[in-house]
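Dropping the structure in here first, questions after.
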Ligand code: GLU
């Protein structure tokens with residue numbers, strides 16, 4: 001049987017990186033076993049739906065490199081892939097459960113239930129519509145022949161059996177047993193005819209032939225209800241993997257938008273309203289994917305930097321951790337830096353042109369500058385800063401200036417000017433020439449290069465000088481040397 005996994009987000013807002021990590025684990029498993037990745041939009045709760053979020057989710061998946069094999073855009077043999085387009089299917093299956101006595105109609109109004117809830121609350125108890133009290137309410141079990149009910153609003157509820165031990169298994173956490181008394185007769189079909197999450201989710205996982213359900217651990221408590229639904233239909237149950245939460249840095253609670261805002265890092269893949277995403281912050285999709293995958297899963301070796309293909313090869317679901325993983329932005333940046341350094345300069349320019357737009361150089365020189373400053377860039381946004389010296393008039397870093405021996409520096413720069421102004425001088429030989437000259441004068445090569453570097457980039461740190469020379473050209477080179485002479489004098 002081929003592996004079929006699904007990512008089933010609700011379009012209730014932007015995709016959190018926890019959701020993105022869930023999608024990645026699903027995708028890796030599908031690729032590893034040459035199976036299929038299905039994108040299913042769980043839009044049953046129209047009240048909570050947020051406009052544009054379905055698009056946002058699809059764009060986020062596409063940015064990180066996930067191409068669904070089946071989904072709302074691409075279609076597929078098991079569609080439609082938006083739950084709001086499947087109401088007839090759910091209705092049919094819910095009626096089947098009623099016929100077989102696994103579900104029933106309930107006519108209690110919101111008000112009726114509210115009254116019950118409040119009554120129990122006063123006694124310090126929590127109200128639960130279930131096997132112990134369902135016969136006290138207005139439903140098709142108690143009001144069998146009441147014709148007037150036909151026109152009344154109703155929901156369909158699951159009939160949770162009495163005194164049953166429900167056994168579920170999670171591949172990460174092992175076996176779990178729950179007593180049916182603890183469960184509620186969950187609503188399966190709401191009064192407006194639409195299904196609830198539990199019902200649509202199980203029916204779809206079955207009809208879409210899902211073999212592995214990989215989702216966040218917040219859904220683990222729902223598993224016994226899902227198990228009952230599978231059993232009521234007599235369906236085989238897929239394998240379940242409930243992923244640990246992504247925690248904030250302190251390890252206290254789920255990583256939230258507020259944690260990100262407080263410490264200035266994103267928690268969404270792409271920009272959403274006023275919050276920048278990882279993309280805009282300058283992450284490579286493969287860099288972020290690498291970090292997220294390691295957040296909750298550990299490979300056997302110490303290796304930390306992986307290409308997507310490498311991960312697909314070595315990933316195994318059994319190594320997913322049980323406990324929550326703390327989000328560490330600095331670590332994510334570090335991993336991204338390694339990915340930048342391992343990337344080919346021309347392909348960085350091709351794939352992410354928007355980060356190089358403001359560097360006013362031609363294509364070829366842009367590739368050179370990318371190679372030149374790549375070692376110093378952790379994020380794609382660093383390239384523009386690191387390439388600043390190309391475009392802008394220099395401002396000198398005062399700390400660097402204070403470290404120069406002014407008299408020597410002026411001598412060095414003047415000699416460099418003289419050489420470059422000489423007619424017969426082979427210009428690209430400026431470096432060995434001035435080092436040679438320094439030897440005779442008793443000035444160390446290091447001091448010479450430091451002086452020239454301050455002249456070219458404004459500070460003691462920066463890329464290789466010979467490369468800068470070829471990038472900015474002879475005229476700019478000479479101009480900068482002269483400007484520093486003037487400044488030092
Ligand atoms: N629609 C649910 C969510 O938004 C999916 C849960 C599941 O994968 O079963 O998280």
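Exactly one of (1) out of contact with any helix residue (DSSP H, G or I) (no Cβ under 6 Å at 6 or more places or on another chain); (2) assigned to a helix (DSSP H, G or I) is unmet by residue 423. Its number?
Status for residue 423: all satisfied but (2).
Taking region 177-195 as the region of interest, how many residues are free of Cβ contacts under 8 Å to residues at least 40 places away in the same chain, assigned to a loop (DSSP other than H, G, I, E, B) and under 18 Å from residue 159 (Cα atoms)?
3
Report yes if some residue within region 196-209 is assigned to a loop (DSSP other than H, G, I, E, B), buried (at least 18 other Cβ atoms within 10 Å of the Cβ) and more than 32 Å from the chain's Cα centre (by Cα); otherwise report no. So that I can check it myself, show each step before the final result.
Taking region 196-209 as the starting set, the residues that turn out to be assigned to a loop (DSSP other than H, G, I, E, B) are 196, 208-209.
Next, only the ones that are buried (at least 18 other Cβ atoms within 10 Å of the Cβ) stay: 196, 208.
Now narrow it down to the ones that are more than 32 Å from the chain's Cα centre (by Cα): none.
Scanning region 196-209 turns up no residue that is assigned to a loop (DSSP other than H, G, I, E, B), buried (at least 18 other Cβ atoms within 10 Å of the Cβ) and more than 32 Å from the chain's Cα centre (by Cα).
A quick yes/no check of all residues on (1) modelled with pLDDT of 95 or more; (2) touching a strand residue (DSSP E or B) at 6+ places or on another chain (Cβ under 8 Å):
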site	(1), (2)
254	no, yes
260	no, yes
264	no, no
270	yes, no
283	yes, no
286	yes, no
301	no, no
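Would it be correct to say that residue 255 is more than 15 Å from the ligand (Cβ to nearest atom) and touching a residue at least 24 places away in the same chain (Cβ under 8 Å)? So that I can check it myself, show each step before the final result.
Details: more than 15 Å from the ligand (Cβ to nearest atom): yes; touching a residue at least 24 places away in the same chain (Cβ under 8 Å): yes.
Judged against the criteria, residue 255 is a match.
Looking only at region 31-47, filter to residues that are free of Cβ contacts under 8 Å to residues at least 60 places away in the same chain, more than 10 Å from the ligand (Cβ to nearest atom) and surrounded by fewer than 24 Cβ atoms within 10 Å (Cβ to Cβ); which one of those is farthest from residue 68 (Cα to Cα)?
If we filter region 31-47 for residues that are free of Cβ contacts under 8 Å to residues at least 60 places away in the same chain, which is where we start, we get 33-34, 36-37, 39, 41, 43, 47.
Still in the list and also more than 10 Å from the ligand (Cβ to nearest atom): 33-34, 36-37, 39, 47.
Subset that is surrounded by fewer than 24 Cβ atoms within 10 Å (Cβ to Cβ): 33-34, 36-37, 47.
Numbers: 33: 15, 34: 13, 36: 8, 37: 5, 47: 27 Å.
The selected residue is 47.
Which one of these does residue 232 not meet: (1) out of contact with any strand residue (DSSP E or B) (no Cβ under 6 Å at 6 or more places or on another chain); (2) over 19 Å from residue 160 (Cα atoms); (3) away from the ligand (no atom under 16 Å from the Cβ)?
(2)
Just a yes or no: is a residue in region 440-448 under 29 Å from residue 362 (Cβ atoms), in a helix (DSSP H, G or I) and free of Cβ contacts under 8 Å to residues at least 24 places away in the same chain?
Of all residues in region 440-448, those under 29 Å from residue 362 (Cβ atoms) come to none.
No, that holds for no residue.
Evaluate region 6-13: report whether one residue or more is surrounded by 23 or more Cβ atoms within 10 Å (Cβ to Cβ) and away from the ligand (no atom under 14 Å from the Cβ).
Checked against the condition, which is being surrounded by 23 or more Cβ atoms within 10 Å (Cβ to Cβ) and away from the ligand (no atom under 14 Å from the Cβ), region 6-13 yields no hits at all.
Quick test for you: out of 269, 224, pick the one residue that is in a loop (DSSP other than H, G, I, E, B) and buried (at least 19 other Cβ atoms within 10 Å of the Cβ). Walk me through how you get there before you give the answer.
Values: 224 fails: in a loop (DSSP other than H, G, I, E, B).
None of the others qualify; the one that does is 269.
So the check is Cβ under 7 Å with 6+ separation or different chains; which pairs have a first residue in region 197-226 that's under 13 Å from residue 81 (Cα atoms) and a second one that's assigned to a helix (DSSP H, G or I) and within 10 Å of the ligand (Cβ to nearest atom)?
200/83; 204/83
Restricting the search to region 164-176, which residues are in contact with a helix residue (DSSP H, G or I) (Cβ under 7 Å, 6 or more places away or on another chain), more than 16 Å from the ligand (Cβ to nearest atom) and either touching a residue at least 60 places away in the same chain (Cβ under 8 Å) or closer than 20 Å to residue 137 by Cα (or both)?
166 - this is the single residue of region 164-176 that is in contact with a helix residue (DSSP H, G or I) (Cβ under 7 Å, 6 or more places away or on another chain), more than 16 Å from the ligand (Cβ to nearest atom) and either touching a residue at least 60 places away in the same chain (Cβ under 8 Å) or closer than 20 Å to residue 137 by Cα (or both).
The values are calculated or read from the model by the stated rules, or taken from the named source; none is laboratory data. The shown structure was predicted, so the numbers you read here are calculated from the model rather than taken from an experiment. Every residue, glycine as well, gets a Cβ built from its backbone with ideal geometry; the counts of neighbours run over all protein chains shown.
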